[in-house]
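Step one of this worksheet: look at the structure below.
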Amino acid sequence: MTGVPFDLQLLNLCAALLLLLSFAMLTQRRIVNLVNLLAVQGSVLFIATLLIAWRTHQAHLYLSAALTLGLKVMLLPYLLHRLIRRLEVYWDAEPLLNVAGTMLIGVLIVVFSFGLAQPISALASTATRNAIGIAVAVVLLSFLTMITRRKAMSQVVGFLSMENGLFFGAMSATYGMPMVVEFGVALDVLVAVLVLGIFFFQIREQFDSLDLHHLESLREDAVAERRE
Amino acid sequence: MIALLHSPLDACLTLLALWGLIGLAGLLRPRSLRYVGRTLFPLGALCAAALAVVAFTSLSAPPERAVLIVGLPDLPMHLRRDALSSLFLFMLGAASAGISVFAAGYFRRGHGTSAGLLCLQYHLFLASMGLVLLADDAYAFMVAWETMALSSYFLVTTQHGLGEIRRAGFLYLLIAHVGAIAILLAFGVMQGGSWQFTFDAMRQAHLRPVWASVAFLLALVGFGAKAGLVPLHVWLPEAHPAAPSPVSALMSGVMLKTAVYGVLRVSFDLLGGPQSSWGLVALAVGLFSALYGVVFAAAQTDMKRLLAWSSIENVGIIFTGLGLAFVFRGVGMRGLAALALIAVLYHALNHSFMKSLLFCGTGAVLHSTGERNLGRLGGLIRHMPWVAWLSLIGALALAGLPPLNGFVSEWLLLQAFLFAHQVPQTFVNMLLPLGAALVALAAALAAYVMVKFYGVIFLGQPREATLLRAHDANVLERIGLVWLALGCVTLGLVPAQVVAALRTVVRQVAHVDLPNPTAPWWLLEPLPGRQASYSGLAFFVAVTTVVLLTIFGVRLFYHRRVRHAAPWDCGFARLDARMQDSAEGFGQPIRHIFEPFFAMQRELPSPFDRAPRYRVFIGDRIWQRLYEPLGSLVQKVADTFAVLQQGRIATYLLYSFITLVALLAVVL
Amino acid sequence: MKPIEVITQLLELIVALAAAPLFVGWINQCRAWLQNRSAPSLWLPYRGIRKLFHKDAVIAADASRLFRLAPYIVFGAMVVAAGIIPSMGTRLPLTQVADAIALVGLLATARVFMSLAAMDIGTAFGTLGARREMMVGFLAEPALLMVIFVASLISATTALPAITEHLATQTLGLYPSLAFTAVAFLMVLLAENARIPVDNPATHLELTMIHEAMMLEYSARHLALMEWAAALKLFNYACIGFALFIPWGLSTRESAPVALLASIPVLAAKLAVAGALLAVLETVSAKLRVFRAPEFLATAFLFAVLGLLVHLLLRV
């Protein structure tokens, strides 16, 4: 590996850190830690965006980096922490599959994403095209996080992590999305978190718990039975 | 006489015929143990040793053919001996020489079958295995294969008075025949329209890739059933403990390898070269078998079942290497295919010695203590030193520790995996290094299993008072064990020579080769220029030198005074032998970590029991999910067809009438 | 074999034998400083070993010959391992005989003999220790093999000196795959050498012991050899870590023979920093429950596999 410029090395490091963080989120059971990992993921994205902005001299990417910092590193984690405190949900219940099984499936997903991304990387023209595979892997791993969790809060974190992965994919494949799209997506994510917060209160009112198994019963009398 | 020996093939056939004669000679005086044990079995061992010598010297000889006018008219038996047959014949001869000598001292009065009949079945088993390795057409192959299955069935059910042994034999025969049907179908596909079932016709029939894959899959199922691949493995943990120990040794050590020979013959020779997709199938099945086998071995409480599951693990590793070789050959990486294939053949050779040694050791233990259950053994190293120290060599070899032979084949396999990322296919080149991780895990678990096996049987305190009267093996048993242990040690100390011999086999059969070695004779360097080398002999010398220097140094500068006292009991004076780790206890971490593999049922005691008991039944999930539903399905189908059996003669006459009318309508 | 190679080999062995107890003493000192205690002398381990050699050996009455032979075999295995690892130079003739995979096999041999000897006496503690040690071992060994696999992939060989030379001559930069495998290696080092968070080397409670439980029956010269072997094992692991991740400062094929002498202070500096780091790690972590240890090691395995996949994808 001779002569790779330093900023590209840093970008590769950021990509590897993103992958590591998604794995860490897969196995974390404390919801407070999940949100903190999400914040760290946001900051890694911020650094990556800054590096790409510096490398390609595109001014709008600085704006995008600032948006990432404001939204993903500061605002959203703050909102989520507030929700956690008010809902008093600190721990997730036992995940659907045990830790070892989840990690095994995670590794298989990573291999699948890497294999999938290799022909796509050949078509892209950016310097960071090798990292597309990592972006796909982050998206799929976040999806897996959403599937294997029982508390609604962890699923929201998984959803946000998926959006992070998509953002990183766009960054590495095409050096960022058009600013209109970015603003739109950021607004959507913010609104989604606010609405979901309200939703969680309603769920807790109804079932006295945020465990999503309670949402599975589709009929009224089954719900009444469970509450007795 | 000389004319009979002028070619290696004739010599092999003569020795096989001699085995048959020895077997028949056992019928002359069937009840005399002295005659059978002291004369016939050692003679059989001599024939085996001669076979090993003939096979070894003919490794580099060109292939030769013969036709035996035995069998049906117009359907003679074609025979052919090439390098692959010679290698497996060497394995058969060398391993069975040691096992036959052991068996000579092992068989005693009290078994179900009489000694003479046992002699016939045993030598017929050996001769049929030899014939399988020499067969050159489907007819001879299937005749020999069936003889092998039948004679081993009778050997497994030696103690046919016990119901569980009969049941184990039945299961064995059932799966052997399922496999035989699959092999027959594979031959049917491979003849490719010429309706000639000689192997030469199959070599010249060029099948389309789809049909070649079908033939390979059928062969994999058929030979995999005999080798014990998951999910067709269920007969192994039942049949091996049921059979007498020399028979288990022969089955595990040699019979499983004939199945590997079958797969090699079909894929490299008859089908003209493997496709890489076959390699992925073999790899997946092999890795799963390896992991499944070793995890179950760690949870066993019967010493022979533990060794049987360990055989399943080793067969899995062999098929993993085979899959890797197929992948490499399929994409055209010939040097690496040679490396993987040599690792496979080396492991097969190693396993036949290691496993036979351990099975014979357990046979000696069973004889002297009458116990198979690990929970009633212990501390036998003091009463049976010969068996204990020779079994230690076997256990260390099976655990894959240098400088013994188990390590060398693992080293070669891992070296082959190191280059797997160069395969040009996208997903494959990332999945294969993960396969290396699983092989490493299986190898580490094998060490765990061997520590459990050796530690619970031979070390520690005796768990039953009767063990204090255990006696060591007799002379013949000792000679057999020493022979097998010497095989293990030799294969570990001179790996470069073994690899050189295996290169001739691989060159002739698969047309791939390693580059010529540039290293000295005591160093194994399969791929010169990669700087990866290993020397068993030098390693052994280095470690022994340091150990001896340490011992002498300590004695020179200090002293060797020793006092004996009671062991550390942490202040609890009533420490007894029952407080040692039992076999269940030693396997508990594995049961805890790999819980999804097992179907466990626990009986827990309650605080109100007068005689509290804890029981755990460990079942095979594959048996519960695959075989039991299949069995009940077959039963249901059979029951619906039982409607046809009315029992009334008029109905049967009606069936014959309908058939006759239908045939007349068709013909006219 | 050139004379410089023989000298390098012998010097490495002597330095390993001499410096291993000092390394353990240094770690104990750092730990004492971090815990605000006054530290024992740096030379205490040496005095301990010397004292033990003079004592009479007290052996259980039922011990077999395997028990009496095991300390010598374990010690011998660790010494040969010290000869294979390039701690001061890469011109080692012994590495032709055993490469990195054989090194892992050698460590496994030591572990198996320790466990067998522990089972030989037949008390509850020995067999418990053996069972736990094999449990830690069967997960740590694949993780270690994976770490070596990644390094071998990068350098296209499994001979440790060649790996070290290749990694030393690579351009300086950030290699995520090596970073991941470094974390995995650190976790394996903690597990295999019976350090917190897997095992407490200073514990006196038999039911919490893993490594110490196997040493309960040894005394005098056997205990001295086992302790020395344990110190050598930690030294060897540290040197493997240096060879793979901090490979600079060794006397390589191209450098002058005087570089061999210069490598001694470099090694001393590396060991000092590594010892301090290990002491910090031990002080901030708590000991895990025994059945969390497999999860710990599975995480190490995962890190190694991630490093492998990242290398295959990003080629870094």
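The values are calculated or read from the model by the stated rules, or taken from the named source; none is laboratory data. Predicted, not measured: the structure shown is a model, and the values here were computed from it. Here Cβ is always computed from backbone atoms with ideal geometry, including for glycine, and neighbour counts include all displayed protein chains.
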Mind checking which helices (runs of 4 or more DSSP H) fall wholly inside the range C:39-154 and carry at least 2 residues that are surrounded by 23 or more Cβ atoms within 10 Å (Cβ to Cβ)? C:65-84, C:100-121
Among the residues of the range B:129-150, count how many are in a strand (DSSP E or B) and among the charged types (D, E, K, R). 1
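Among what's in the range B:1-34 and is in a helix (DSSP H, G or I) and without any contact (Cβ under 8 Å) to a residue 24 or more places away in the chain, pick the residue that is surrounded by the fewest Cβ atoms within 10 Å (Cβ to Cβ).
B:A3
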Quick check on my filter: what residues within the range A:111-139 are crowded, with 22+ Cβ neighbours inside 10 Å and part of a loop (DSSP other than H, G, I, E, B)? A:T128
Among (1) surrounded by 24 or more Cβ atoms within 10 Å (Cβ to Cβ); (2) over 18 Å from the mean Cα position of the chain (by Cα), where does B:S213 come up short? (1)
Considering only the range C:241-286, how many residues are at negative phi, modelled with pLDDT under 90, surrounded by fewer than 19 Cβ atoms within 10 Å (Cβ to Cβ) and of a type outside the set (V, I, T)? 11
Criterion first (closer than 21 Å to B:A485 by Cα and part of a helix (DSSP H, G or I)) does B:A338 satisfy it? no
Looking only at the range C:89-102, count every residue that is within 23 Å of B:F417 (Cβ to Cβ) and either at pLDDT 95 or above or among the β-branched types (V, I, T) (or both) and tell me the total. 3
Only residues that are surrounded by fewer than 21 Cβ atoms within 10 Å (Cβ to Cβ) and not in a loop (DSSP other than H, G, I, E, B): list them for the range B:67-77, please. B:V67, B:L68
Filtering the range C:68-119 down to residues that are within 10 Å of chain B (Cβ to nearest Cβ) and among the hydroxyl-bearing types (S, T, Y), which residue is nearest to C:H222 (Cα to Cα)? C:Y72
The range B:438-468, residues that are more than 26 Å from B:F407 (Cβ to Cβ), in contact (Cβ under 8 Å) with a residue 12 or more places away in the chain and not acidic (D, E): B:G460, B:Q461, B:P462, B:R463, B:T466, B:L467, B:L468
The lone exception for C:V305 - which of (1) within 14 Å of chain B (Cβ to nearest Cβ); (2) under 30 Å from C:Q35 (Cα atoms) it fails: (2)
If only one of B:T550, B:T544 is at pLDDT 90 or above, more than 7 Å from every other protein chain (Cβ to nearest Cβ) and either under 36 Å from the mean Cα position of the chain (by Cα) or part of a helix (DSSP H, G or I) (or both), which one is it? B:T544
Of the conditions (1) touching a Ser or Thr at 6+ places or on another chain (Cβ under 8 Å); (2) at the interface with chain C (Cβ under 10 Å from one of its Cβ atoms); (3) assigned to a helix (DSSP H, G or I), the single one that B:E584 does not satisfy is (2)
Of the conditions (1) over 19 Å from the mean Cα position of the chain (by Cα); (2) crowded, with 24+ Cβ neighbours inside 10 Å; (3) not in a helix (DSSP H, G or I), the single one that B:G273 does not satisfy is (2)
Taking the conditions exactly as written (modelled with pLDDT of 95 or more, over 30 Å from B:E464 (Cβ atoms) and crowded, with 24+ Cβ neighbours inside 10 Å), does B:I312 satisfy them or not? no
Against the conditions (1) at the interface with chain B (Cβ under 9 Å from one of its Cβ atoms); (2) within 26 Å of C:L302 (Cα to Cα), where does C:L128 fall short? Just the number, please. (2)
B:G363 meets each of (1) touching a Leu at 6+ places or on another chain (Cβ under 9 Å); (2) part of a helix (DSSP H, G or I) with one exception, condition (1)
Please determine whether any residue of the range A:69-88 is in contact (Cβ under 8 Å) with a residue 12 or more places away in the chain, surrounded by fewer than 18 Cβ atoms within 10 Å (Cβ to Cβ), within 14 Å of another protein chain (Cβ to nearest Cβ) and not acidic (D, E). no
Scan B:Y627, B:Y614 and give me the residue that is more than 11 Å from every other protein chain (Cβ to nearest Cβ) and in contact (Cβ under 8 Å) with a residue 40 or more places away in the chain. B:Y627
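Just the residues that are touching a helix residue (DSSP H, G or I) at 6+ places or on another chain (Cβ under 7 Å) and more than 14 Å from chain A (Cβ to nearest Cβ), please, taken from the range C:152-178.
Filtering the range C:152-178 down to residues touching a helix residue (DSSP H, G or I) at 6+ places or on another chain (Cβ under 7 Å) leaves C:152-155, C:157-164, C:166-167, C:173-174, C:176-178.
Matches in the range C:152-178: C:S152, C:T157, C:T158, C:A159, C:L160, C:P161, C:A162, C:I163, C:T164.
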Going by the structure shown, is C:A194 under 15 Å from the mean Cα position of the chain (by Cα) and in a loop (DSSP other than H, G, I, E, B)? yes
Select from the range B:596-614 the residues that are hydrophobic (A, V, I, L, M, F, W, C) and closer than 17 Å to B:G585 by Cβ and list them in ascending order. B:F598, B:M600, B:L604
Residues located in the range B:57-81, provided they are touching a residue at least 60 places away in the same chain (Cβ under 8 Å) and over 20 Å from B:Q196 (Cβ atoms): B:L59, B:S60, B:R81
Would you tally the residues in the range B:91-119 being crowded, with 24+ Cβ neighbours inside 10 Å, within 30 Å of B:I69 (Cβ to Cβ) and of a type in the set (A, V, I, L, M, F, W, C)? 3
Inter-residue pairs, beta-carbon under 7 Å, first facing chain B (nearest Cβ under 9 Å) and in contact (Cβ under 8 Å) with a residue 12 or more places away in the chain and in the range C:206-232, second small (G, A, S) and buried (at least 23 other Cβ atoms within 10 Å of the Cβ), 6+ apart: C:E206/C:A213; C:L216/C:G126; C:E217/C:G126
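Restrict the check to the range C:227-239 and report whether at least one residue is touching a His at 6+ places or on another chain (Cβ under 9 Å) and of a type in the set (G, A, S).
Yes, some residue in the range C:227-239 is touching a His at 6+ places or on another chain (Cβ under 9 Å) and of a type in the set (G, A, S).
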